[in-house]
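Each remark here refers to the structure printed beneath this line.
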Amino acid sequence: MKEKLTEFITTRFVDCLLPQRDINTNLLYFSIQKEKLPEVVRTLKDHPEFAFSFLNDLTSIDWLGKREPRFEVIYLLRSPKLGHFRLQLRVPVGEGESVPSLSEIFPAANWPEREVFDLMGIPFSGHPRMERLIMPDNFVGHPLRKDYPLEGPGQDYLIEDLLTIHVKEDITG
Amino acid sequence: MVMYEKTAEHFGQKFKDLPEGHLLVNLGPSHPATHGILQNVIQIDGERVVDTESVIGYVHRCFEKLGERYDYNQFLVCTDRMNYVSTPLNNIGWILTVEKMMQIQVPDRVTYVRMIISELSRIMDHIICNGIMGVDLGAFSGLLHLFHHRENIYQILEKLTGARLTTTFCRVGGMERDIYPEFQTEIKLILKGLKPALDEFEELLIRNKIFNERTKGIGGISADRAIAYGFSGPNLRAAGVPWDVRKDDPYMFYDKVNFDIPVGEDGSALDRTLVRMEEMRQSMKIIEQLIDGIPEGPYHADVPHSFLPPKDRVYHNMEELIYHFKIIMHGVKVPPGEYYHATEAANGELGFYVVSEGDKSPWRVHVRRPCFWYYQAFPEMVKGGLLADTIATMSSLNVIAGELDC
């Protein structure tokens, strides 16, 4: 089943796939160009045999200082027809770029996409209401980004720097 | 203060041109019927709900950010605070994810106890949901009948973990300590008392005519819409979709025990209550199959590099002292990679997605909280209904603020 699905995706979506690195994971995954994402998802959802009709999870990763482009939006689709098989789609996104919204295809994507926008700062184009969901409207910054200070806004240092700052203070004063 | 002003301004704009006779009702953020801090701004025309706006985030603690700083055992205390009505289920979901990543095989004894505690927690959660639902609709006695039994389960947890609410049950590689000698007999006693209590509760509350008429066909959602909105757990099963992670993607020994998945018909508040009632009985069935078969043996896997050695040995042996120091200072070592592990928590599929780069802490943790996915359907479910029915709908959905915001 896994081979069949891999074969289908690699032949059907040749121009949508991106080269991907090897990840030690329990999921079958594909890197997709962000412009082609709605097309790929819609095809997988409407496919009579595979029928990935359930959006299982939607999240994002910040690879600051590790990989380029900086962000990855992670979609997890589930196919009840294939014995609840889970398929992961990864969409690399750079700073300031937006991803097409899936809320037309899956109403479930509405809040998770707003959450990703709110906490990670990745906007979704075509979303009916791209506003903050969890943080207050007047909040500045995106807390899940790696360069956002753990202790909150108004502090321009990261927690690793905290130790060195205090050490310096002890030495000088 | 700024936050509230902003929110008021925001709603003022959205509902600027209210038609003649329409009213805005503010339900929450601190309201007896919301069970936790979440807000609904409801536009009503007479008694009919026209539109609803849900505001969440009042209990947001950004555990996903904290997870990037804590080590794998420390993040366990964050999972306590997600669904705080059935904490061990979250603990076990997290620990299973980390153990799968590290490829630790725990002894059968541990898995048996984890399963028993999982099912007890599910019962605990459903008692709260169904009981409080009665309270919201004006029937207090049902909750009191069952609460006594919930207290008994809490006492088991207290003896097992030392805490009642924030249990922090299990550690990577096993349990924190072994079960106590009367564990089995006490659980059997609880089951013996709970069975007639559930029947009594059903007669007292669910067969009550007033309760029936207030919940039948209220706040329903069709199977298609429920799937489209990412429903899972009892709320999805009430709509007639027999999905359960315990059956579809079995973890622990759920493929070896015998139990049924109850389903409803129209996904209404009554169906959700009935599904939860039957799930409690099925959970008892699972516990009965396991309780006599707990194998003897150690309560943790043989993994000295990730499971803390017993304290008395730490003070006298060098190896144990080294391991103790290494685990406390450097945490457990999880190989680089990614893992998504789903468990069936009380509200549905609770998934942990962990990205590890081989460090002490994960590079990224994401929690797929069932509440967060199904609560976005709330405006659709209450639209066109009566204002009083939104209370019944919300209670039967079992929205837990701690899980919603994470």
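Between region A:85-144 and region B:230-308, what is the separation of their alpha carbon centroids in Å?
Between the Cα centres of region A:85-144 and region B:230-308 lies a distance of 32 Å.
Projected onto the charge dipole of the protein assembly as shown (+1 at Lys/Arg Cβ, -1 at Asp/Glu Cβ, origin at the Cα centre), which of B:154, A:50, B:226 gives the Cα projection farthest towards the positive end?
Value: A:50.
Can you show me the helix-derived [θ] at 222 nm for chain A, built from DSSP H runs with n ≥ 4 at -39,500 (n - 2.57) apiece and divided by the number of residues, rounded to the nearest 500. Spell out each step's value before the answer.
Working: 4 runs with 46 residues, N = 173.
For chain A, the value works out to -8000 deg cm²/dmol.
Please report the antiparallel percentage of the DSSP beta bridges confined to region A:45-105, to the nearest 5.
Details: 17 of 17 bridges.
Antiparallel bridges: around 100 percent, rounded to the nearest 5.
Using a Gaussian network model of chain B with C-alpha springs under 10 Å, which one of B:353, B:180, B:70 is most mobile by mean-square fluctuation?
Most flexible of the set in this elastic network: B:180.
Which of the helices in chain B, when you take each full DSSP H run, stretch at least 15 Å along the axis at their Cα atoms and have an average Kyte-Doolittle score of 0.0 or higher?
Those that clear 15 Å and a mean of 0.0 are B:87-102, B:108-136, B:183-201, B:318-330, B:387-397.
Out of the DSSP beta bridges found with both residues in the protein assembly as shown, what percent are antiparallel (nearest 5)? Provide the component values of the computation, followed by the final result.
Working: 48 of 55 bridges.
In the protein assembly as shown, DSSP labels about 85 percent of beta bridges as antiparallel.
Quick check for me: using +1 on Lys/Arg Cβ and -1 on Asp/Glu Cβ, what's the dipole size of region A:1-168 about its Cα centre, in debye to the nearest 20? Present the calculation step by step, with values, prior to reporting the outcome.
Values: 21 positive and 25 negative charges, 113 e Å.
Once rounded to the nearest 20, the dipole reads 540 debye.
Residue by residue through A:133-146, how many Cβ atoms from other chains fall within 10 Å of the Cβ on average? Intermediate results must be reported in sequence, preceding the final value.
Details: counts 8, 11, 4, 11, 6, 6, 4, 0, 0, 0, 4, 6, 1, 4.
Going residue by residue through A:133-146 and averaging, the value is 5.
Give the percent of DSSP beta bridges with both residues in region A:1-168 that are antiparallel, rounded to the nearest 5. Intermediate results must be reported in sequence, preceding the final value.
On the way: 18 of 24 bridges.
Bridges in region A:1-168 that DSSP calls antiparallel: roughly 75 percent.
Taking each residue of A:107-119 in turn, how many C-beta atoms of other protein chains fall within 10 Å of its C-beta, and what is the average?
Working: counts 7, 10, 5, 5, 10, 5, 0, 1, 6, 0, 0, 2, 4.
That works out to 4 on average.
Name the long-range amide H neighbours of residue A:124: under 5 Å, sequence gap of 5 or more, or other chain; modelled H, no Pro or chain starts.
The list, which skips near neighbours in sequence, is A:99.
From the phi of every residue in region B:211-221, what ³J(HN,Hα) in whole Hz does the Karplus formula 6.51 cos²θ - 1.76 cosθ + 1.60 yield, where θ is phi - 60° and glycine or proline is x?
These are the phi-based 3J(HN,Hα) values: 4, 4, 6, 7, 10, 5, x, 8, x, x, 9 Hz.
Could you rank the peptides A:10-23, A:79-92, B:316-329, B:188-201 by their average count of other C-beta atoms within 10 Å per residue, with the highest value first?
Working: A:10-23: 11.1, A:79-92: 18.6, B:316-329: 13.6, B:188-201: 16.1.
Answer by packing, highest mean first, reads A:79-92, B:188-201, B:316-329, A:10-23.
Restricting to DSSP H runs of at least four residues, report the calculated mean residue ellipticity at 222 nm for chain B, -39500 (n - 2.57) per run over all residues, nearest 500 deg cm²/dmol.
Details: 18 runs with 197 residues, N = 406.
It lands at -14500 deg cm²/dmol.
From the cross-link list A:45/B:100; A:2/B:333; B:188/B:216; A:4/A:45; A:45/A:81, which pairs have alpha carbons spaced over 23 Å apart? Write down the numbers at each step before the final one.
Values: A:45/B:100 29 Å; A:2/B:333 30 Å; B:188/B:216 34 Å; A:4/A:45 16 Å; A:45/A:81 11 Å.
Long pairs (Cα-Cα over 23 Å): A:45/B:100; A:2/B:333; B:188/B:216.
Only four residue types carry charge here, +1 at the Cβ of Lys and Arg and -1 at the Cβ of Asp and Glu. Report the dipole size of the protein assembly as shown about the Cα centre in Debye, rounded to the nearest 20. Write down the numbers at each step before the final one.
Values: 63 positive and 82 negative charges, 121 e Å.
Approximately 580 debye in magnitude.
At 0.36 nm per residue, and after removing the present C-alpha to C-alpha distance, how many nm does the segment from residue B:155 to residue B:184 gain when stretched out fully? Don't skip to the answer; put the middle values down first.
Numbers: separation 29, 0.36 × 29 = 10.44 nm, distance 1.34 nm.
Working it through step by step, the gained length comes to 9.1 nm.
About the Cα centre, and with charges only on the beta carbon of Lys, Arg (+1) and Asp, Glu (-1), how big is the dipole of region B:217-310? Nearest 20 debye, please. Write out the running numbers ahead of the final one.
On the way: 9 positive and 15 negative charges, 47 e Å.
My answer is approximately 220 debye.
So what's the net charge close to residue A:71: Lys and Arg +1, Asp and Glu -1, counting the other residues with Cβ under 13 Å from its Cβ?
On the way: positive: A:34, A:66, A:67, A:70, A:90, A:145, A:146, B:364; negative: A:62, A:68, A:72, A:95, A:97, A:147.
Neighbour charge sum, excluding residue A:71 itself: +2.
In whole percent, what relative contact order does region A:1-168 give with Cα contacts below 8 Å and a gap of six or more residues? Don't skip to the answer; put the middle values down first.
Numbers: 267 pairs, mean separation 26.2, N = 168.
Once divided by the residue count of region A:1-168, the mean separation gives 16 percent.
Expressed as a whole number of Å, what is the distance separating the alpha-carbon centroids of region B:135-199 and region B:385-399?
27 Å
Not counting ligands, DNA or RNA, and with a 1.4 Å probe, what is residue B:373's accessible surface area in Å² rounded to the nearest 10?
Approximately 10 Å² for this residue.
Go ahead and set up a Gaussian network model of chain A, Cα springs under 10 Å, then flag whichever of A:100, A:123, A:48 fluctuates most.
Looking only at A:100, A:123, A:48, the largest GNM fluctuation is found for A:48.
The values are calculated or read from the model by the stated rules, or taken from the named source; none is laboratory data. Since the structure is predicted, the reported quantities are computational estimates derived from the model, not experimental observations. Positions of Cβ are backbone-derived with ideal geometry, glycine not excepted, and every protein chain shown enters the neighbour counts. Surface areas here come from the heavy atoms of the whole protein model, side chains and all, with no ligands, DNA or RNA. Shrake-Rupley method; radii C 1.70, N 1.55, O 1.52, S 1.80 Å.
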